[in-house]
Structure formats: C-alpha cells, structure tokens
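Values quoted throughout were computed directly from the atomic coordinates according to the rules given, and no laboratory measurement underlies them. What you see is a predicted model; the values in this text were computed from it and never measured. Reconstructed Cβ throughout: ideal geometry from the backbone, glycine too, with neighbour counts over all protein chains shown.
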Amino acid sequence: MTEHDFIPKPYTIAKQTGKVSWESPSNIALVKYWGKKKDQIPENPSISFTLNNCKTITTLSYSPKENVADFSFEVYLDGIKKDDFKPKIQTFFERVEDYLPFLRQFHFKIETQNTFPHSSGIASSASGMSALALCLMSIEKSIQPQMTVEFFNQKASFLARLGSGSACRSIEGDLIVWGKTDSIQGSNDLFGVKYPYAVHENFKNYQDTILLVDKGEKQVSSTVGHNLMHDHPFAKNRFQQAHTNLESLKSILKSGDLDSFIELIESEALTLHAMMMTSMPYFILMKPNTLEIINKIWKFRKATGLHIGFTLDAGANVHVLYPKKESEKILEFIQNELVAYCKNEEYICDEIGFGAEKIND
Ligand code: DP6
C-alpha cells in the first residue's frame, strides 16, 4: 500500500451535525522507535504491547461551516479549554487534510480526558492522537459506510501516525509492529499491524506496573530527540540493531523464553537512553531514582529468579514488566521496595490490552 491508497475518491459530504466518541489506549514499546524521516516515517521498525488501563477518551462533535479557508476547532481537557493543545492539532490537521477532505467543512469540538493522571508524565500523545484519528475515521465511515474494518483500522493507524509516530501502534492489540522489516510479514512504515506470528502463553496477560518517578514536563520533546538521530554517530548501527532485535524477538515470543525477553527489552530501553546521552546536544532523561529502581530490580531478580524486567520510554518513569503468573510476589516487591522511589508514591497498574473501542451514546 502507498499513501495514495488513503486518499478517498471524491465523496459528497452531508452538511449535518454529529458526535462520535472513542477510547484509545497508550502502548509501551519493546523495540523502540527513535529516529524518523520526513512525513513521520520511522528510521527503524518497532513493536509494542498495547496497554489496557492507560487510555484517552475523546468525543468529537462536528457542525458544518461555510468558510472553508481555515480549520476550525476547539479543544477541552477534563472540561477545561486548552488552547495550548491547538498547535499540535493544527499541525495534525495540516498533515492529514489530503486524506480527509471533509476537515475544512466542519467546526470541531474536541473533548478529551485521560484515565491516568494528567500530570503523570505518561505520554498521552499515543492514546490522544489515536483517539482523535479514530473519531475522524468514524466520520469518514458515516460518509463511506461500505468501508471494511481492516481498512478502517489501517487508515486510523495511518492518520494517528501523522499525529504522533507511536500513536499508530494504539489502534489494535495486543502486540503491534510498525516499520518495515524483512522478518515480519506485512510490516510497513505507514501504519501499525498486528504481530502475525505465534505468541507463547507466557506473554498473554503480561503486566506493566508504571512507576511514576518524575511527573514534570519533559526537558526534551520526543520530536527533538528523534531529530537528533539525524547526525548521530551511532545511528546506522542502532537502526540495524532494531531490525536484529525484532527478528530475535520473534523466536523469543514463540518459545516463551522469558530470560531472553528481559535481556532484549532492557537492552532496548538502555540503548534508547544511550542514544540520548550520545547525541549532540546530549541529554539525560533518567533520574537518580530511575537508576535506584533498575538496580533494585536486578538485585531482586538475581535473588529470586523471578521474571521481572523493565523498560523505559522517553522519560524517567519505569515500566516494570512481568508475567501474570508471577504477579503476586512481584507486586509485593514493588509495593515494599520500589514505590518509595516514586513521586508521591504514585504508580499505575496496567497490563496488555486489545486496542481502542468505540463508545456508543
Ligand atoms: C521513546 O511517538 O512520541 O516512546 O512521532 O515525534 O510524536 P513523535 O514521537 P513519539 O516517540 C515515542 C518514542 C518512544 C519509543 C516508542 O514508543 O517506540
């Protein structure tokens, strides 16, 4: 498929008001997306677990307007008008307008809320942009009712990617691949696809306890970080490594080899941060407590043989990953020994999820 497959044939748009709602989850990458080309094309393939509890709920109300010179929209978070969200949505609308010819013909009211604390430092761009993309797709589906579910999901993911790269992995679950790589059939740079191969029982119901180490604004946005990969001295090897890791992950997911899984995801997380520390300008997003937690996890794993591992996103928070069957002892350890390193002792219990859902009124 190419971008052109997402440009619809000319259609007639009924000038009527309407309203649509979706809830869409966040996701956590196992092999990381870090580095992108023009038009939100990733430099390397990535794979993620879709989450279940960390979600954005968005209602999009639309009403026809006469003046089509500009986009017209207003944004609310938890009922409060958020003009500071507008530039990001404006950019998103500009990127997707060729694919959604109705965009200029309506005024939109975007009402959004997150199930996780707003100030948690958890990226809401993946869940937020995917929820908005899904709402827009529901409008297009009402114009083109014959659209298949497969195409709906592909285009929703394609549009979400243009809002935020990782958002394209939030439409479906439970494991999503984005970015072309030879070892995964159907993988492509334009949208996320469901991981198409066998997954061992060990990885069903995988748990993700998110330790909120630092809830402040990120010092460096993901977009800036991605761009720093352009002249990065280790970029070529890193992009190649992501392909190799995805290929290795394929046999790990099939065999259920938890030790190799942990080794791979922890190496990916630390490589992501190593890329940040070796870019120019360089930066560090981990905090002292991030390292305290990592060391405690390693010590506990060595002492108990339990399959507890971690990953990181572009921030200081730690995602603690473990199989459901070991959750009793691991949760006890988290509560007794790790929560003390969180800001205000806050953490979120999440697990693998199966993707976004439409909310019917
Ligand atoms: C570290 O998707 O937030 O979480 O495309 O610029 O919006 P933009 O970046 P974003 O980057 C996420 C990077 C990451 C790794 C990952 O999710 O794969």
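Could you please let me know if Met129 is within 30 Å of Ala14 (Cβ to Cβ), in contact with a helix residue (DSSP H, G or I) (Cβ under 8 Å, 6 or more places away or on another chain), of a type outside the set (Phe, Trp, Tyr) and within 13 Å of the ligand (Cβ to nearest atom)? Yes: the conditions hold for Met129. Residues in the range 75-120 that are among the aliphatic types (A, V, I, L, M) and loosely packed, with under 13 Cβ neighbours inside 10 Å: Ile80 only.
So, in the range 150-171, of the ones that are among the charged types (D, E, K, R) and crowded, with 21+ Cβ neighbours inside 10 Å, which residue ends up farthest from the chain's Cα centre (by Cα)? Working first, answer last.
In the first step, residues of the range 150-171 are kept if they are among the charged types (D, E, K, R); the result is 150, 155, 161, 169.
If we keep only those that are crowded, with 21+ Cβ neighbours inside 10 Å as well, we get 155, 161, 169.
On the way: Lys155: 16, Arg161: 10, Arg169: 6 Å.
Once the filter is applied, the top-ranked residue is Lys155.
For the range 43-55, the set of residues classified as away from the ligand (no atom under 13 Å from the Cβ) and among the charged types (D, E, K, R) consists of Lys55 only. Only one of the listed residues (Thr58, Thr17, Thr91) is more than 16 Å from the ligand (Cβ to nearest atom) and either of a type in the set (Lys, Arg) or within 21 Å of Lys155 (Cβ to Cβ) (or both). That residue is Thr58.
For the range 82-97, the condition holds for no residue, the condition being that it is in a strand (DSSP E or B) and either of a type outside the set (Gly, Ala, Ser) or within 21 Å of Ile7 (Cα to Cα) (or both). Considered as a group, the residues in the range 20-39 that are out of contact with any Ser or Thr (no Cβ under 8 Å at 6 or more places or on another chain) and outside any strand (DSSP E or B) include one that is nearest to the ligand (Cβ to nearest atom), and that residue is Trp34. Pairs linking a residue in the range 11-32 that is touching a residue at least 12 places away in the same chain (Cβ under 8 Å) and within 15 Å of Trp178 (Cβ to Cβ) to a residue that is of a type in the set (Phe, Trp, Tyr) and more than 9 Å from the ligand (Cβ to nearest atom), with Cβ atoms under 7 Å and 6 or more positions apart or on different chains, are Asn27/Phe49; Ile28/Phe49; Leu30/Phe49.
The single condition among (1) hydrophobic (A, V, I, L, M, F, W, C); (2) under 18 Å from the mean Cα position of the chain (by Cα); (3) part of a loop (DSSP other than H, G, I, E, B) that Met229 does not meet is (2).
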